[in-house]
1. How many residues does the stretch 227-247 contain that are in a helix (DSSP H, G or I) and surrounded by 16 or more Cβ atoms within 10 Å (Cβ to Cβ)?
2. Identify all residues within the stretch 37-56 that are of a type in the set (Gly, Ala, Ser) and either within 17 Å of Tyr103 (Cα to Cα) or open to solvent by 50 Å² or more (accessible area, probe 1.4 Å) (or both); write none if there are none.
3. What is the residue count in the stretch 248-285 for residues that are acidic (Asp, Glu) and open to solvent by 20 Å² or more (accessible area, probe 1.4 Å)?
4. Please verify whether the stretch 72-93 includes one or more residues that are at pLDDT 90 or above, touching a helix residue (DSSP H, G or I) at 6+ places or on another chain (Cβ under 6 Å), open to solvent by 30 Å² or more (accessible area, probe 1.4 Å) and within 19 Å of Ala125 (Cα to Cα).
5. Can you tell me which residues in the stretch 298-351 are in contact with a Leu (Cβ under 8 Å, 6 or more places away or on another chain), at pLDDT 70 or above, in a loop (DSSP other than H, G, I, E, B) and open to solvent by 20 Å² or more (accessible area, probe 1.4 Å)?
6. Filtering the stretch 123-136 down to residues that are among the charged types (D, E, K, R) and surrounded by 11 or more Cβ atoms within 10 Å (Cβ to Cβ), which residue is farthest from Ala22 (Cα to Cα)?
7. What is the residue count in the stretch 352-361 for residues that are closer than 16 Å to Ser280 by Cα and either open to solvent by 20 Å² or more (accessible area, probe 1.4 Å) or touching an Asp or Glu at 6+ places or on another chain (Cβ under 9 Å) (or both)?
8. For Gly132, all conditions in the list (1) under 27 Å from the mean Cα position of the chain (by Cα); (2) modelled with pLDDT under 75; (3) of a type in the set (Gly, Ala, Ser); (4) assigned to a helix (DSSP H, G or I) hold save one; what is the number of the exception?
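The values are calculated or read from the model by the stated rules, or taken from the named source; none is laboratory data. Remember, predicted model here, so these are calculated numbers, not experimental data. For neighbour counting, all protein chains shown are included, and Cβ atoms are generated from backbone atoms with ideal geometry for every residue, glycine included. Just the protein is used for accessible areas: all its heavy atoms, side chains included, with ligands, DNA and RNA removed. Shrake-Rupley method; radii C 1.70, N 1.55, O 1.52, S 1.80 Å.
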Amino acid sequence: MQPLSVLVADDDAGSLLVAQAAVERSGHECLTAVDGQAAWKTYQQHRPDVVVTDLAMPGLDGLALCRAIRAAETDSYTYIMLVTSHDGREDVLAGMQAGADDYVTKPLDPFVLHTRLVAARRVTALHRELAGALKAARTSNERLAEFTGRVSHDLRNPLTSLLGYVELAEMDNGPDSENPAEYLAIIGSSARRMLAMVDDLLGFASIGGSLSRTRISLAELAHDVTTDLHQGLTQAGASVECTDFALTADPVQMRVALQNLIQNAAAYRRPQVPPVIRISGHAVEDGVVVRVSDNGKGISEKDRRKVMEPLVRLHREGDPAGTGLGLATCAQIAAAHGGRLDIEPGENSGTTISLYLPDSG
């Protein structure tokens, strides 16, 4: 286990040497301070895991040092031990009220200090785990708030359009009016766009969870996906090439990933340039990689991380409408398998998307 960083503060040179030797024999790193003021400066510089401080010191005493440490703490936690005399019961109570966690008595018994440091290691480890969990929860809440804001914004636009044309249709509903049919077409388009977004959101939310890993033929999977996407690929003039490769993954989620990547490659093509989409798989260290390369518009380096976030779209000239969930879904599928998604420039200014999946064996 990783050794603790222990700060020992005592104005008595002999007691300081005994404590330092006991800490180091216990396998921990030891910092020393000859009084409370020096201990406070050392604490601010090094933020040790444990502070062992004498109660009675000139200037800044042990109680004041305890209060200063507790006031200065943020995400980290310092375990504080007071060193008191045998008859200092009131001092022990005052120390606990000032923020100390434990106490040892003088003359210091190295074995007792060793056992206290065992407890200190356990407490500080728990505090680190708790701080990490709280940080993750805050990050998750921030991302959820951002995600909710994007969903609300993206659903509000078609909903506003839909309601606006409903009101126009209600006002312009005379027997000779030809506008209601046009309004209904626009209303239907807005409603279908909202439904597509809701479907994509539900699909994105369902990614992950329990995986059912089986042996997959990449060529067979690509054939099934391109068959499903045949109409759209034909309209785009796209060709799809795939070299066969066997991998172990969840076939349903890999199908979703491949479908999103092929759809993106066909949709974000260069004007007057038929999309050429190449799919391949390769063994790499500790796993496999599935790559989908195209000759389309490409994604600039500054945007590559951004487009993997849910509901993020680049809004470039000529880009088709979309929900901004395709690459985010693929990234989540890779993460669900314990892997990652990388975006790199492809040949002829296009894009290469790589799904790295760890060895499941």
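1. Residues meeting the conditions: 2.
2. Ala56
3. 1
4. no
5. Result: Ile299, Gly338, Gly339.
6. Here the answer is Lys135.
7. 5
8. That leaves (2) as the condition not met.
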